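To start, the structure under review is shown below, and the notes come after it.
What follows is calculated from the coordinates using simple rules that are stated; it is not laboratory data. If you're wondering where the values come from, they're calculated on a predicted model, not measured in any experiment. With ideal geometry, Cβ positions are generated from the backbone for all residues, glycine too; neighbour counts draw on all protein chains shown.
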Amino acid sequence: MNSTVYIVDTSALMDWHDRFYPPDVFATLVDLFDELIGQDRLLSVELVREELGVIGSAGLQGWAKAKKAIFDPTKNHLATALAIEGAHPGLRDPRAQYDEADAYVIALAQLRDAVVVTAETPAAHKRKPKRSVYIPDVCAALGMACITNLGMMRREGWKL
């Protein structure tokens, strides 16, 4: 049995639920995500839940509220996240009006020896990046695995 733990970013949850794999079409994915959650293998951070409350669909907000236990409290990884932000200041969007979850997602993954799941792409893959580094850039610098939802599905051997 696969024992990989995944730490999901806001963008990955939005891609799954709101953009590319909506539950009304990909109902099986809800069960597969729930199975990972039941095995304590799909986690995120409190700031992701907060971001979803601002930018997620009503359906995704409802899902996040029902799955509140998967969102790890900020205090559990605050020091690690702040160290990541200090080492990679380009990760923060200078125009952000609230705390961003990116460093916290990476921090929790680092502390749990987990794989980061995000829809972000490295800065070098963007035409006009708004920041100098993104989650995949920081993960690469730290030697951490960083994949997309599709990458997670492949690792898990899911067939839909």
Examine the range 112-119 for a residue that is on the phi > 0 side of the Ramachandran plot and among the acidic types (D, E), and state whether such a residue exists.
yes
Of all helices (runs of 4 or more DSSP H) completely enclosed by the range 1-114, which ones contain at least 1 residues that are closer than 17 Å to C146 by Cβ and either among the hydrophobic types (A, V, I, L, M, F, W, C) or touching an Asp or Glu at 6+ places or on another chain (Cβ under 9 Å) (or both)?
10-14, 46-55, 78-87, 102-112
Within the range 132-160, residues being charged (D, E, K, R), without any contact (Cβ under 8 Å) to a residue 60 or more places away in the chain and surrounded by fewer than 19 Cβ atoms within 10 Å (Cβ to Cβ) number 2
Looking only at the range 38-48, and only at residues there that are of a type outside the set (D, E) and either under 23 Å from L78 (Cα atoms) or in contact with a Leu (Cβ under 6 Å, 6 or more places away or on another chain) (or both), the one that is surrounded by the fewest Cβ atoms within 10 Å (Cβ to Cβ)
R41
Kindly indicate whether F33 is surrounded by fewer than 21 Cβ atoms within 10 Å (Cβ to Cβ) and hydrophobic (A, V, I, L, M, F, W, C).
no
Can you name the residue in the range 58-107 that is hydroxyl-bearing (S, T, Y) and farther than 17 Å from C139 by Cα and is also farthest from the chain's Cα centre (by Cα) among such residues?
Y98
